[in-house]
Amino acid sequence: MIDKFQKVISWIILICVAIYTSIVFIQMWQNYFQKYLVTEPVKNVLMLLVALVVAIGIGYLLIRLRTDNTNLNRLVLITMLALFAVIAIFWINFVPPEQVSDFHKFWFTAPDALKGKAIYAFDNDYFSKWAYQTGFLLYVMTIIKIFGYHIAAIQYLNVIYQVLILLVTYKLVVKIFDNIKIARLSVLLLMIDLDWFALNSQADNQYLGSLMFLLTFYLILQDKYWTYILAGLTLTLGAIIRPIGPVIIAGIVVFAILYMLLNNNKFNWVAIGKIAIVLGIYLVLFSGVSMLVKSSGLNGYGLSNRDSEWKFVIGLDYNSKGQYDQGLVNTFDLNADRAKMSKQEKQVISDNIKNIKQDHRWLDLFQEKNAILWAKESNGISFTGLTVNHSPKTVKNINYVGYLGSIMIVIFSWIGSLRLFKFKFNKGIYLLLLPLMAFVIVQLLIEVQGRYRIEFIPTLAVLGSIGLFTICDWIKSKWSGTNDRSV
């Protein structure tokens, strides 16, 4: 009975993932047609075909390489990681060093904070409203303390984190699918996605946060008491650095209930203790760091979120399709105290909901927001300040190349999500899929930006590696008459 229940739940999750990737797949084509095929159809069709052929061609070569030699496997992986590092470092030198938006805020606040100056001036200042951002500010302050006030230190550390993300993604795929060929393809898809790695030039918390969350998943799947202890530590670090911890925790808890508590057709009560170790360490450490931040005087609000309404103020604004709108921001008096602004924010949220309900525009809003977050161009490249040192034509071409990488992820992850129904894998796949689905749902209600998908691109690359493997293995079977029977 328990086993049947678990199978039904698993199928429901896979169906939800397939529906999600199918919607993104359709929205990607709609965007590509409207923005690229209408203006320069021949050029852009050829460019897309070339990108697909190159991705499939390299993928085919990777799966043709033997996997029964440990040294060869290491050599292939190290070569791929080294090649990516070179590309990532080149990108850092290609874009200007200027820090923009929130990244600018972190980079220019940290030196003053090290001198003991206040990090906020009034009740609605950045670090007073969103005190949780002090976690990443601590990281930036630490880097400046060690390496000096040089943005290159942040940038090259970002490259290291990105390389480690590739490595952990590789390890996760091997753990879940027991297939080195698919693991290689997951690394390949991340390597070629400029939309994913473009922000390494900025003081961005997404790469270090992403690495910590992926490590948490990997450690949990090792299923040893000491790895659960380490998972609690990495989860805490990830949540301190990048405040999407609740989404990750929600996925972990649901995974624990469905696939750890329910195991081998019986209740495995020991699993509750294991996951309690992770969550207990997280709660203690996160609360402890928050209290230390508060007692140190750096931020009197610790790592709290004093403006949880704001994300809904933006996210439920139909006119801006849930994106940041300076015009809307200007309607608020940022010098007012929190109580007054909170009251105004709640009123705006109420007005937004009435506006959406009036014409039954919920579905339209959700479609637009989903497309912005997952199917359209990431705005990551725009956040590099590329226009400062390059011509409009170069910027346009770079943005297009970046989007081609995202398109590869979308196409192959769609195929991979459909292929999952008849693919061999262990329950670990759901530890990746559940946080992804939680994030997809949450983002329908709160503010969206294309760059917010960065943390979940490795999961989509895992799905994409299945899709790419399916195509490459089919080509292999046609040419040689054999395919990989292990899948």
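Some notes on this structure:
- Of residues in the range 387-408 being of a type in the set (S, T, N, Q) and in contact with a helix residue (DSSP H, G or I) (Cβ under 9 Å, 6 or more places away or on another chain), the one most open to solvent (accessible area, probe 1.4 Å): Thr387
- Residues that are crowded, with 17+ Cβ neighbours inside 10 Å and without any contact (Cβ under 8 Å) to a residue 24 or more places away in the chain, drawn from the range 267-288: Ala271
- A search for C-beta distances below 7 Å between a residue of the range 242-265 that is of a type in the set (A, V, I, L, M, F, W, C) and any residue that is open to solvent by 30 Å² or more (accessible area, probe 1.4 Å) and not in a helix (DSSP H, G or I), counting only pairs 6+ apart in sequence or on different chains, returns Met260/Asn268; Leu261/Phe267; Leu261/Asn268.
- So Ile63, is it out of contact with any Ser or Thr (no Cβ under 7 Å at 6 or more places or on another chain) and more than 27 Å from Ile381 (Cα to Cα): yes
- The residue list Val313, Val348, Val289 contains one member that is farther than 26 Å from Leu444 by Cβ and assigned to a helix (DSSP H, G or I), which is Val289.
- Within the set Glu377, Glu345, the sole residue that is buried (at least 16 other Cβ atoms within 10 Å of the Cβ) and closer than 30 Å to Ile398 by Cβ turns out to be Glu377.
- Residue that is nearest to Ala371 (Cα to Cα) [pool: residues in the range 320-342 that are open to solvent by less than 70 Å² (accessible area, probe 1.4 Å) and without any contact (Cβ under 8 Å) to a residue 12 or more places away in the chain]: Ser320
- Positions within the range 88-118 being assigned to a loop (DSSP other than H, G, I, E, B), surrounded by 14 or more Cβ atoms within 10 Å (Cβ to Cβ) and not hydrophobic (A, V, I, L, M, F, W, C), in sequence order: Pro96, Pro97, Glu98, Gln99
- Checking the stated criteria, Leu328 turns out to be part of a helix (DSSP H, G or I), of a type in the set (A, V, I, L, M, F, W, C) and closer than 30 Å to Phe383 by Cα.
- Qualifying residues in the range 289-319 (those that are buried (at least 19 other Cβ atoms within 10 Å of the Cβ), without any contact (Cβ under 8 Å) to a residue 40 or more places away in the chain and in contact with an Asp or Glu (Cβ under 8 Å, 6 or more places away or on another chain)) - the one nearest to Leu363 (Cα to Cα): Asp317
- Matching entry among Lys175, Lys145, Lys129 (being of a type in the set (D, E, K, R), without any contact (Cβ under 8 Å) to a residue 40 or more places away in the chain and over 30 Å from Ile398 (Cα atoms)): Lys145
- Cross-chain or 6+ apart pairs with Cβ under 9 Å, the range 469-487 first and more than 17 Å from Arg419 (Cα to Cα) and part of a helix (DSSP H, G or I), then of a type in the set (Ser, Thr, Tyr) and modelled with pLDDT of 90 or more: Lys476/Tyr60
- Counting residues in the range 293-305 that are farther than 24 Å from Tyr452 by Cα, of a type in the set (A, V, I, L, M) and in a helix (DSSP H, G or I) gives one or more.
- Selection count, the range 374-405, where residues are hydroxyl-bearing (Ser, Thr, Tyr), under 24 Å from the mean Cα position of the chain (by Cα) and farther than 17 Å from Gln27 by Cβ: 3
Conditions (1) without any contact (Cβ under 8 Å) to a residue 24 or more places away in the chain; (2) crowded, with 16+ Cβ neighbours inside 10 Å, marked per residue:
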residue	(1), (2)
Asp3	no, no
Gln6	no, yes
Ser22	no, no
Leu46	yes, no
Ala51	no, yes
Leu62	no, yes
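- Top-ranked residue in the range 148-172 [being open to solvent by less than 30 Å² (accessible area, probe 1.4 Å) and free of Cβ contacts under 8 Å to residues at least 40 places away in the same chain; ranked as nearest to Phe456 (Cα to Cα)]: Ala153
- Selection status of Ala121, at pLDDT below 95, closer than 30 Å to Ser308 by Cβ and open to solvent by 50 Å² or more (accessible area, probe 1.4 Å): yes
- When residues in the range 365-410 are screened for being assigned to a helix (DSSP H, G or I) and touching a residue at least 40 places away in the same chain (Cβ under 8 Å), 27 of them pass.
- All positions within the range 320-338 that are at pLDDT below 85 and in contact with an Asp or Glu (Cβ under 9 Å, 6 or more places away or on another chain): Asp325, Leu328, Phe332, Leu334, Asn335, Ala336, Asp337, Arg338
For every residue, the table says whether it meets (1) open to solvent by 40 Å² or more (accessible area, probe 1.4 Å); (2) farther than 21 Å from Lys311 by Cα.
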{"residue": "Ala371", "(1), (2)": "no, no"}
{"residue": "Gly385", "(1), (2)": "no, yes"}
{"residue": "Gly416", "(1), (2)": "no, yes"}
{"residue": "Lys422", "(1), (2)": "yes, yes"}
{"residue": "Ile429", "(1), (2)": "no, yes"}
{"residue": "Pro435", "(1), (2)": "no, no"}
{"residue": "Val440", "(1), (2)": "no, no"}
{"residue": "Ile446", "(1), (2)": "no, no"}
{"residue": "Gly450", "(1), (2)": "no, no"}
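The values are calculated or read from the model by the stated rules, or taken from the named source; none is laboratory data. Just so you know, these numbers come straight off a predicted model, no measurement behind them. All Cβ positions, glycine included, derive from the backbone under ideal geometry; neighbour counts span all protein chains shown. Just so you know, the surface numbers come from the protein's heavy atoms only, side chains and all, with ligands and any DNA or RNA stripped out. Shrake-Rupley method; radii C 1.70, N 1.55, O 1.52, S 1.80 Å.
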